[in-house]
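Below is one structure, written out as structure tokens; comments come after it.
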Amino acid sequence: MVYGNPPWVFKGKALYQLQLVKSDEARKYIPDKFKLVEAFGYTLGGFYLARYEDSPAGAFDELVAMAGLVWNPPTSCAWAARVYVNNREARDHGVHHVGLPSRLAAVKLLGEGGDGDAPVGASSGSRSWWCGLRELGAAAQQNQAARRDQHRVSRPQPAVLELRNVDRSRGRGLSSPVCWITMPNANRPLGPRITLSLPSFSGGTPEVPGLLRYACDLQTNVGLVAPLAVEIPSAGREDEGSREYLGAVLGGRPLLTLEFAQMEMRVEAPEALLEGATAQEQLQLQAAQSQQWAGARTASLTAAWAAKLATA
């Protein structure tokens, strides 16, 4: 078991961009049991892009595409339409233990001296936000020195991050890139350090049919960043009509972009969110969760409850 017992701790940095998403498009990815928080035909979606230098699964990158805000008293939170990670352990943990629509991803850094693949733990020597978190290896240092003279005489192009869904299991992949995101410059002073608590919902997937809730507690330096340009390629012939194509979700109008620097995020084990359960059943479920973190155990409990509702 790679992740071990919770809480799970992730250290790194992230960009969080809030965007307007059409309500009818967001609803395609959100369970009917949740009320969508909307106004004038739009809800609040966007994406969360993170580079983790340390986590239960090691160093990896993540992009969470948020369809919109859902309401479940007494709180609301963003619902993930897709979660892209370039680490198989993180993908499997999200799918089987947290009920997330996680997909295996491939990441490329284009422009500003990008080497094309931008693998975990490597850097091209670029001064974009995407690079510079992880230590340069000996080969990367040599590449940086070789490019220094070129950078002095020619202005580098903005670094653009290319994200691809390469998860071919059960037809969950995509032939065209998911998106291209222009990266901001890395040279900014640190903002104030704050503590955030972000409640999250998940589940409603084939692997975890029941609904779950879990908490993400962050300590981070936060700052404002200019909105990031997001380009969505046209859907290829193989991708037409596919729910994996997220043009309507990721292509919304940006409203606000935050940078989380020197971030430490603690994620608690999910708890089953069982609508219609009696008080006694809720207490029994909470007792079971207090003895064992919500992995396959919670998934089996929520699946059993879903079957009970179906036969009621």
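The values are calculated or read from the model by the stated rules, or taken from the named source; none is laboratory data. Quantities reported herein were computed from a predicted structural model and do not represent experimental measurements. In this analysis, Cβ positions are derived from the backbone assuming ideal geometry, glycine residues included, and neighbour counts consider all displayed protein chains. The area values use the complete protein model at the heavy-atom level, side chains included, leaving out ligands, DNA and RNA. Shrake-Rupley method; radii C 1.70, N 1.55, O 1.52, S 1.80 Å.
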Self-check item: Accessible area per residue, Å², region 178-262 with all protein chains present, probe 1.4 Å
Solution: 51 Å²
Quiz prompt | Dipole-positive endmost among Tyr84, His97, Phe40 within region 40-100 (Cβ charges, Cα centre) | solution = Phe40
Quiz prompt | Environment charge at Leu20 (Cβ cut-off 11 Å; Lys +1, Arg +1, Asp -1, Glu -1) | solution = 0
Exercise. Return the carbon/sulfur percentage of the accessible area of region 21-113, one whole number, probe 1.4 Å, all protein chains in place.
Key: 53 percent
Quiz item: In the neighborhood of Pro233, defined by Cβ-to-Cβ distances under 15 Å, what is the net charge if each Lys or Arg adds +1 and each Asp or Glu adds -1?
Solution: -3
Self-check item: Net +/- balance of residues flanking Ser200 in space, Cβ distance below 15 Å, scoring K and R +1, D and E -1
Solution: -1
Quiz item: So for region 206-275, taking the charge dipole from beta-carbon charges (+1 Lys/Arg, -1 Asp/Glu), which of Leu256, Leu218, Leu273 sits furthest toward the positive end?
Solution: Leu256
Quiz item: region 184-226 to region 12-70: how many Å between their Cα centroids?
Solution: 10 Å
Quiz prompt | Solvent-accessible surface (1.4 angstrom probe) belonging to Thr75, in square angstrom, nearest 10 | solution = 50 Å²
Exercise. Run the dipole for region 1-90 about the Cα centre, Lys and Arg Cβ at +1, Asp and Glu Cβ at -1, nothing else charged, and hand back the magnitude in debye, nearest 20.
Key: 140 debye
